[in-house]
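Take a look at the structure below.
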Amino acid sequence: MTDPLEIRRLTYTDLPEVVAIERSAFLAPWSLAMFVLELSRPAGICLSAVCEDAVAGYLVCSRQADVWHLMNVAVAPERRRRGIGRTLLGAMLERLPPRAQVTLEVRRTNAAAIAMYDAYGFRPAGVRPRYYQDNGEDALIMWRTPGTLRGTLDDVPNPDPHAAALRAH
């Protein structure tokens, strides 16, 4: 990444750019209302990556009881492969409590995203069959907990007993 990148709180004024990135990144994009709802939640972490006065990417993480759920991460197509997604993920993790439990769903075929999450200590712990409505693809459920950072799933709720074999499909 050569251009300076600023990570800051995602705001309502960012939403036109965020929705445009969302529509270019996903076959079943979030609506504007979904982003407004997440921004209105006081306990969530919503970040934007700004480069050259434009939103280059964003991240939405929601707190649900004692678990954090990484709901959405996207980078503008013309800015991908520059470390923006990794920077956003690292910034989110820095804002969480030290022993936070974080979960997410990712397409089983999204090898680049799975590798990025793996690099930050997320581990596969289950599958949500036919999770993605656009094509019925399964989602890999990944967790980052104190246990996964030690190499175990001992503190992950209801892990699949065959979790180690879930990575590839």
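The values are calculated or read from the model by the stated rules, or taken from the named source; none is laboratory data. Note that the coordinates shown come from a computational prediction; the quantities given were computed from them, not determined experimentally. Don't worry about glycine lacking a Cβ; one is built from the backbone with ideal geometry, like all the others, and counts go over all protein chains shown.
Here are some notes:
- Residue within segment 128-137 that is surrounded by fewer than 16 Cβ atoms within 10 Å (Cβ to Cβ) and in the same structural domain as residue 6 (by TED's automatic domain parsing) present: no
- Considering only residues in segment 87-110 that are closer than 19 Å to residue 124 by Cβ and among the charged types (D, E, K, R), the one that is modelled with the highest pLDDT turns out to be 105.
- Listed by position, the helices (runs of 4 or more DSSP H) enclosed by segment 60-169 that each have at least 2 residues that are without any contact (Cβ under 8 Å) to a residue 24 or more places away in the chain are 111-119, 146-150.
- Selection within segment 14-38 - over 18 Å from residue 61 (Cβ atoms) and hydrophobic (A, V, I, L, M, F, W, C): 19, 20, 27, 28, 32, 33
- So residue 137, is it closer than 22 Å to residue 31 by Cα and charged (D, E, K, R): yes
- Filter result for residue 107 (under 21 Å from residue 92 (Cβ atoms) and either of a type in the set (Lys, Arg) or outside the structural domain of residue 162 (by TED's automatic domain parsing) (or both)): yes
- The listed residues are 23, 8, 82, 63, and the only one of them that is under 30 Å from residue 158 (Cβ atoms) and of a type in the set (Lys, Arg) turns out to be 63.
- Test for residue 32: is it touching a residue at least 60 places away in the same chain (Cβ under 8 Å) and not β-branched (Val, Ile, Thr): no
Let's see how each residue does on (1) closer than 16 Å to residue 95 by Cβ; (2) of a type outside the set (Phe, Trp, Tyr); (3) in contact with a Pro (Cβ under 9 Å, 6 or more places away or on another chain); (4) surrounded by fewer than 14 Cβ atoms within 10 Å (Cβ to Cβ):
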position: 17; (1), (2), (3), (4): no, yes, no, no
position: 31; (1), (2), (3), (4): no, yes, no, yes
position: 34; (1), (2), (3), (4): no, yes, no, no
position: 49; (1), (2), (3), (4): yes, yes, no, no
position: 53; (1), (2), (3), (4): no, yes, no, yes
position: 61; (1), (2), (3), (4): yes, yes, no, no
position: 70; (1), (2), (3), (4): yes, yes, no, no
